[in-house]
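The values are calculated or read from the model by the stated rules, or taken from the named source; none is laboratory data. Quick caveat, the model's predicted, so the values are computed rather than measured. Backbone-built Cβ (ideal geometry, glycine too); neighbour counts: all protein chains shown. These area figures cover heavy atoms from the full protein model, side chains too; ligands, DNA and RNA do not enter into them. Shrake-Rupley method; radii C 1.70, N 1.55, O 1.52, S 1.80 Å.
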Amino acid sequence: NAGVMQNPRHLVRRRGQEARLRCSPMKGHSHVYWYRQLPEEGLKFMVYLQKENIIDESGMPKERFSAEFPKEGPSILRIQQVVRGDSAAYFCATLPGTSGHNTGELFFGEGSRLTVL
Amino acid sequence: GQSLEQPSEVTAVEGAIVQINCTYQTSGFYGLSWYQQHDGGAPTFLSYNALDGLEETGRFSSFLSRSDSYGYLLLQELQMKDSASYFCAVSSGNTPLVFGKGTRLSVIA
C-alpha cells in the first residue's frame, strides 16, 4: 500500500516560468491538503480539495496559484510566473474519504522542493 | 483566528527526558496533534489529544489541558535519531490543521 506520492521531489525554475506539482493520495483517500513550508518555518495551509471540488482555498495567494483534484489522476498545484519568494517545500497531505477530520492525523507526502532562480 | 506558540529550539542529552511545550489560541477546538519532521523529510504523525490528560506511546507521551489551552510532548530515553523538528497542530473539526512554527530538537552525546 503505497503512501502519498509527490513529484517531482525537486524542481528548479527560472523567474516567470510555471511550476506544476503533483500529488497522488494513498489508496482510498479522497481528501487532499496542500501546505507550504519555508525554511525554518512551520507548515502553512494553502488549499483543501476533494475529488473535483475545492473545499477551502483560504490559504492560497489570490494570483498565480491554482489547484485541482480531477476525477481521475493526481491533484496538481500550479504556480504560474514564479518568483523567488515561491521557493519553498510544498507538501501534500491526504485523508480517507470516510474518515472524520477529528483525529488530527494527516498523511504527508515527502514534499516537492521548488527553487526559483 | 488560530495561533500556536512553541519554543524554537531545544537541546538535550542522549538518554535524558525533554518536554516541548505548546500553547494555542483558537476559535473552536477539537484536539492537539504532534508531528515529527527530520530534515528534508515528510512530517509524520506522533500523537493526538482530544481530552485532558496524558497519552503514552512508547518513549513519547503527549499531554493536553483544554482549560489552559496548553499541551506538551514528552520524549524519554532520548536517542540521537530523535533530533528533528517537532510541530504541534490544532484541529478545529472540518477546518484544516493549523501548525505551530516548530521546535528544533538537538540531541547531543
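Summary of computed values
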| read-out | value |
| --- | --- |
| Considering residues of the range A:42-52 that are in contact with a Lys or Arg (Cβ under 6 Å, 6 or more places away or on another chain) and under 29 Å from residue B:85 (Cα atoms) only, the residue surrounded by the fewest Cβ atoms within 10 Å (Cβ to Cβ) | A:44 |
| Residue A:114 being in contact with a helix residue (DSSP H, G or I) (Cβ under 9 Å, 6 or more places away or on another chain) and either surrounded by fewer than 22 Cβ atoms within 10 Å (Cβ to Cβ) or closer than 22 Å to residue B:44 by Cβ (or both) | yes |
| Condition check for residue B:47: in a strand (DSSP E or B) and either more than 11 Å from every other protein chain (Cβ to nearest Cβ) or not β-branched (Val, Ile, Thr) (or both) | yes |
| So residue A:77, is it open to solvent by less than 10 Å² (accessible area, probe 1.4 Å), in a strand (DSSP E or B) and either of a type in the set (Asp, Glu) or modelled with pLDDT under 95 (or both) | no |
| Residue match in the range A:38-55 (condition: touching a residue at least 24 places away in the same chain (Cβ under 8 Å), more than 25 Å from residue B:2 (Cα to Cα) and either touching a helix residue (DSSP H, G or I) at 6+ places or on another chain (Cβ under 7 Å) or not acidic (Asp, Glu) (or both)) | no |
| Filter pass, residue B:73 being assigned to a strand (DSSP E or B), within 12 Å of the chain's Cα centre (by Cα), under 19 Å from residue B:30 (Cβ atoms) and more than 8 Å from every other protein chain (Cβ to nearest Cβ) | yes |
| Looking only at the range B:30-59, and only at residues there that are surrounded by fewer than 17 Cβ atoms within 10 Å (Cβ to Cβ) and of a type in the set (Ser, Thr, Tyr), the one that is nearest to the chain's Cα centre (by Cα) | B:44 |
| Test for residue B:15: is it more than 15 Å from the chain's Cα centre (by Cα), surrounded by fewer than 19 Cβ atoms within 10 Å (Cβ to Cβ), within 30 Å of residue B:109 (Cα to Cα) and free of Cβ contacts under 8 Å to residues at least 24 places away in the same chain | no |
| Considering residues of the range A:53-74 that are surrounded by fewer than 16 Cβ atoms within 10 Å (Cβ to Cβ) and either hydroxyl-bearing (Ser, Thr, Tyr) or under 16 Å from residue A:8 (Cα atoms) (or both) only, the residue modelled with the highest pLDDT | A:66 |
| Residue B:85 modelled with pLDDT of 95 or more, under 18 Å from residue B:6 (Cβ atoms) and more than 14 Å from chain A (Cβ to nearest Cβ) | no |
| Candidates B:62, B:106, B:27, filtered to the one that is polar (S, T, N, Q), at negative phi, surrounded by fewer than 17 Cβ atoms within 10 Å (Cβ to Cβ) and assigned to a strand (DSSP E or B) | B:106 |
| Yes/no for residue B:75 being surrounded by fewer than 18 Cβ atoms within 10 Å (Cβ to Cβ), at pLDDT 95 or above and more than 22 Å from residue B:92 (Cβ to Cβ) | no |
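Conditions tested, residue by residue: (1) more than 30 Å from residue B:50 (Cα to Cα); (2) away from chain B (no Cβ under 12 Å); (3) without any contact (Cβ under 8 Å) to a residue 40 or more places away in the chain.
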position: A:10; (1), (2), (3): yes, no, no
position: A:34; (1), (2), (3): no, no, no
position: A:96; (1), (2), (3): no, yes, no
position: A:108; (1), (2), (3): no, no, no
